[in-house]
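What follows is a short report on a single structure.
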Amino acid sequence: MRIQEALWVGGRFLKEREIPSWKLDARVLLSAVTGLDRTGLVLKGDLSLEAEQQEHYHKLLERRAAGEPAAYLIGHKEFMGLDFKVTPAVLIPRPDTELMVEMALACLKESQERLPVVVDVGTGSGAVAVSLAYLLPELRVHAVDLSEQALAVARENALRHGVEKRVSFYAGNLLDPVDEKLQQNIHLITANLPYIPTTDIPGLMADVRNFEPHLALDGGVDGLELYRRLLPKASKYLAPGGHLLMEIGSGQGQEAINILPLKYWVAEIYRDLAHRERLVVARKL
């Protein structure tokens, strides 16, 4: 079977099984099998796949058709132009979360701190923490996650992008592991915590519901339970004028603002490219 034929057959196979991203996924999986990027698949479309490659490709297609996310199948995902390792221990980084990184960069620029300190809560794969450290060479990031398995992935990603000396990793709940010496000395807290209401979990897309870690999805009754728990320490640890960035789900913006004591915070809701509420940026007064 030639590469161009395999791409067509794989796409049709996934489409017939109602995989929404069938075209992209067929290409991504074939790229993983052949080692060719998108351009290479086109330029070398007349080359024949080896028997082992055909078998591997078919197995990947079957697993994707069963709902397993393509990023887990190939073991990595692009975020902010960087390649991140992912495993079933971490949520797959989403393009929507790039808004958090972009706003964090804007907040840090606004603060004009020479050596800013950032804490990334619920770091998962380390996508936000590592991206910020990579983009700002002067930055020191403290990354926290409850899952030791997730932290192992995040450490690999820090090493992969050469920022392992500027990103420190802590296992624990929210801001609990962060050294109290940092009180009033943190300039930015990024928090991509679970924000899906518990009752909404069964209605998620099958590839998310059945394969991604529920620990990183379930945000309690209204989806904001962990943000309520985060706020007291965030208030203590942030320097005056510091920012707290909270990723949220569509329709949660005003509720998230309502949990902030407004005499201590000023907050604004930002929307993603699909015009859905995605981020609350709160500045400590």
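Read-outs: derived from the displayed coordinates by stated rules, not from any lab. Predicted model only: the values in this text are computed from it and were never measured. Glycine gets a Cβ as well: all are built from the backbone with ideal geometry, and neighbour counts include every protein chain shown.
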Q: Starting from the amide H of Ile196, placed 1.01 Å from N in the peptide plane, find each other amide H under 5 Å away whose residue is 5 or more places distant or on another chain.
A: Gly219
Q. Which log10 I(q)/I(0) values, to two decimals, does the chain give at q = 0.07, 0.14 Å⁻¹ under the Debye formula with one point per Cα?
A. -0.29, -1.00
(Q) With a 10 Å cut-off between alpha carbons and a GNM built on the chain, which of Phe79, Phe13, Phe169 moves the most? (A) Phe13
Q) Highest GNM mean-square fluctuation, the chain, Cα pairs closer than 10 Å: which of Gly11, Gly35, Gly241? A) Gly35
Q. Just how large is the dipole of the chain about the Cα centre, in debye to the nearest 20, putting +1 at every Lys and Arg Cβ and -1 at every Asp and Glu Cβ?
A. 520
Q. What does the charge count near Ala256 come to, summing +1 for each Lys or Arg and -1 for each Asp or Glu among other residues with Cβ under 13 Å from its Cβ?
A. -4
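How much net charge surrounds Met80 when only the other residues with a Cβ under 9 Å from the Cβ of Met80 are counted, with Lys and Arg +1 and Asp and Glu -1?
On the way: positive: none; negative: Glu78, Glu98, Glu102.
Spelling it out: positives minus negatives among the neighbours equals -3.
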Q. Distance in nm between label sites at Asp222 and Leu82, each 7 Å beyond Cα in the beta-carbon direction?
A. 3.5
Q: Please give the contour-minus-distance gain from Asn210 to Lys109: 0.36 nm per residue of separation, less the Cα-Cα distance, rounded to one decimal in nm.
A: 32.4 nm
**Q.** Environment charge at Val42 (Cβ cut-off 14 Å; Lys +1, Arg +1, Asp -1, Glu -1)
**A.** +2
Q.
With the crude spin-label approximation of a point 7 Å out along Cα→Cβ, what separation in nm comes out for Leu159 versus Glu50?
A. 2.8
